[in-house]
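The values are calculated or read from the model by the stated rules, or taken from the named source; none is laboratory data. Quantities reported herein were computed from a predicted structural model and do not represent experimental measurements. Please note: Cβ atoms are built from the backbone with ideal geometry, for glycine as well, and neighbour counts cover all protein chains shown. In case anyone asks, the SASA skips ligands and DNA or RNA and just uses the protein heavy atoms, side chains included. Shrake-Rupley method; radii C 1.70, N 1.55, O 1.52, S 1.80 Å.
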Amino acid sequence: MLRLFSKWLLPICTLIILATSLSSCSKGGGDTPTPPTPPVEADLVVTTTPTVGSNQAPAALGTGLPVTVTIGSTMPSGGVKIDVTAKLETGTTNFFTGGTAKSTTASNNFTVTGVPTGGQACVCTVTVTSLSKSTNIWTGSFRFASK
């Protein structure tokens, strides 16, 4: 009887041990690695010419007021949208609306046209919005006038 028992028991035990050991091994060697976290987008740093916060003396603006918008921070991966508007300081309607739907260059030039003459105070507002992170917005304004 012992002989019969060892004849069947040994192969069955061997199969159970092999099956258990093989099922506990994995090809990857452990947990799935976590995906890398995307880099955090830097806040926009922008400078303008004329300078934000300045009051430009009345000047003869024959063809318009040149405005340069420079992105000083790392450019967002999707680029930026730049809006340039101008209105009379006492007005509610913009006499100029311009800008770009998308820019990936650091320096961007615009010309504010349709400036009223006679030395009336005007406000130019520049808004730069990241196209990768819609909450990353920079806004600044300056005052100017045309003789």
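If the condition is being closer than 12 Å to residue 144 by Cβ and not in a loop (DSSP other than H, G, I, E, B), then the stretch 50-74 contributes 55, 59, 65, 66, 67.
Scanning the stretch 80-105 for residues that are closer than 19 Å to residue 130 by Cα and open to solvent by less than 60 Å² (accessible area, probe 1.4 Å) yields 80, 82, 83, 84, 85, 98, 99, 100, 103.
Out of 49, 70, 32, report the one residue that is among the polar types (S, T, N, Q), out of contact with any helix residue (DSSP H, G or I) (no Cβ under 7 Å at 6 or more places or on another chain), modelled with pLDDT of 95 or more and open to solvent by 60 Å² or more (accessible area, probe 1.4 Å). First the steps, then the outcome.
Values: 70 fails: open to solvent by 60 Å² or more (accessible area, probe 1.4 Å); 32 fails: modelled with pLDDT of 95 or more.
So the residue among 49, 70, 32 that is among the polar types (S, T, N, Q), out of contact with any helix residue (DSSP H, G or I) (no Cβ under 7 Å at 6 or more places or on another chain), modelled with pLDDT of 95 or more and open to solvent by 60 Å² or more (accessible area, probe 1.4 Å) is 49.
Could you tell me whether residue 64 is of a type in the set (Gly, Ala, Ser), surrounded by 13 or more Cβ atoms within 10 Å (Cβ to Cβ) and within 29 Å of residue 39 (Cβ to Cβ)? Judged against the criteria, residue 64 is not a match. Among the residues of the stretch 106-147, those identified as open to solvent by less than 10 Å² (accessible area, probe 1.4 Å) and hydroxyl-bearing (Ser, Thr, Tyr) are 130, 146. Just a yes or no: is a residue in the stretch 107-125 of a type in the set (Ser, Thr, Tyr), more than 20 Å from residue 54 (Cα to Cα) and assigned to a loop (DSSP other than H, G, I, E, B)? Looking for residues that are of a type in the set (Ser, Thr, Tyr), more than 20 Å from residue 54 (Cα to Cα) and assigned to a loop (DSSP other than H, G, I, E, B), one finds none in the stretch 107-125, hence no. Determine whether residue 77 is in a loop (DSSP other than H, G, I, E, B), within 27 Å of residue 134 (Cα to Cα) and open to solvent by 70 Å² or more (accessible area, probe 1.4 Å). In short, yes.
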